[in-house]
Amino acid sequence: MKIDNGQLAAFAEAIRGGSFEAAARQLNVTPSAISQRIKLLEERMGQVLIQRATPCQATLAGRPLLRYAEELAMLEAEVLAALGVLDAGATSIVRIPMVINADSLDSWFPEVFDTLGSSTAITLDLRVEDQDHSLVLLREGTVMAGVSANAKPVQGCQVEALGVMRYLALASPSYVERHFAAGVNAESLNAAPMLMFNKKDGLQQAFLARLTDSVVKPPTHYLPTTRSFAEAVLRGMTWGMIPEQLAATHLQAGQLIELASPHCLDVPLFWHRWRIASSALDFLGRLVHQAAEKALRQ
């Protein structure tokens, strides 16, 4: 059995773009043509490959096929570039979908952009996900590489240590005066509003578990961007766990105070990537390691 390239392209683009309409625009055909190609592919495979939802997602059966499609597109672009066999005016660009946590993206990872900015050979398709949950996208085949706090490799991937991101429990001086004048303990922590990035964020609770054996359930704010997270802490609305790289200037200026120094939370980070021969993935991996070595604790 052979896989039809047109059907495979329709399937992959529907998942990348999230809809049949987006795939149609990318492939310059009609949405009905996309639907027909995917239907034929599913009939050929004998399984449902796409969840017709918003956005479209690969089913469990479709995930290996999605990975195959991404590998094929990457290797084809690299081969064409190596051979210099391109249509007139065309460029061979390798697209790398990857996942990263917001704190890394807003602190140490941008150094990777310095080098990529001088090259048009690679485009990044970045997805932001909590460091404890990013492996889900690798397992699904949605991304080729990513930064995760999990050291266990996904099947078909290799994993390498990047370093340790240290988080500090921080608050503004006015907030500490209001809520922790009598000290940082289970009682004061239970009453003081706490900040979390989203429902998946477990940093604050992990830190609390280190400070006290008591069950602490404080009022909780949720702010799902790194900048607004830090701003809320700076303005005295709440306390939260902030990477030391992002907090250094504010600590030196006395705008932030550690709640329970020297207690902190160290989160090891790891680089996961598909185990395939790819010069583009090798190159990106080197850039990520170089940036991590400069910023993270080794």
Counting only residues that are surrounded by fewer than 21 Cβ atoms within 10 Å (Cβ to Cβ), of a type in the set (Gly, Ala, Ser) and over 21 Å from residue 124 (Cβ atoms), how many does the range 145-177 have?
-> 3
Just one listed residue, out of 92, 35, is modelled with pLDDT under 90, in contact with a helix residue (DSSP H, G or I) (Cβ under 9 Å, 6 or more places away or on another chain) and farther than 30 Å from residue 227 by Cα, and it is 92
Hey, could you check the range 113-139 for residues that are under 22 Å from residue 70 (Cα atoms) and β-branched (Val, Ile, Thr) and say which is modelled with the lowest pLDDT?
-> 120
Tally of residues being among the polar types (S, T, N, Q) and surrounded by 18 or more Cβ atoms within 10 Å (Cβ to Cβ) across the range 1-42 = 2
All-but-one check, residue 78 against (1) under 28 Å from residue 136 (Cα atoms); (2) modelled with pLDDT under 90; (3) surrounded by fewer than 16 Cβ atoms within 10 Å (Cβ to Cβ), failing number (3)
Meets criteria (among the acidic types (Asp, Glu), over 29 Å from the mean Cα position of the chain (by Cα) and either at negative phi or assigned to a helix (DSSP H, G or I) (or both)) for residue 78 = no
Looking only at the range 42-83, and only at residues there that are in contact (Cβ under 8 Å) with a residue 24 or more places away in the chain and of a type in the set (S, T, N, Q), the one that is nearest to residue 122 (Cα to Cα) | 57
Within the range 190-207, the residues that are over 17 Å from residue 265 (Cα atoms) and outside any loop (DSSP other than H, G, I, E, B) are 190, 191
Restricted to the range 278-295 and to residues being of a type in the set (A, V, I, L, M, F, W, C) and farther than 19 Å from residue 82 by Cβ, the residue nearest to the chain's Cα centre (by Cα) is 288
Return only the number of the condition from (1) on the phi < 0 side of the Ramachandran plot; (2) not in a strand (DSSP E or B) that residue 183 does not satisfy.
-> (1)
State yes or no: is residue 59 of a type in the set (Ser, Thr, Tyr) and surrounded by fewer than 14 Cβ atoms within 10 Å (Cβ to Cβ)?
-> no
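The values are calculated or read from the model by the stated rules, or taken from the named source; none is laboratory data. Every value quoted in this text rests on a predicted model; they were computed, and no experiment measured them. Please note: Cβ atoms are built from the backbone with ideal geometry, for glycine as well, and neighbour counts cover all protein chains shown.
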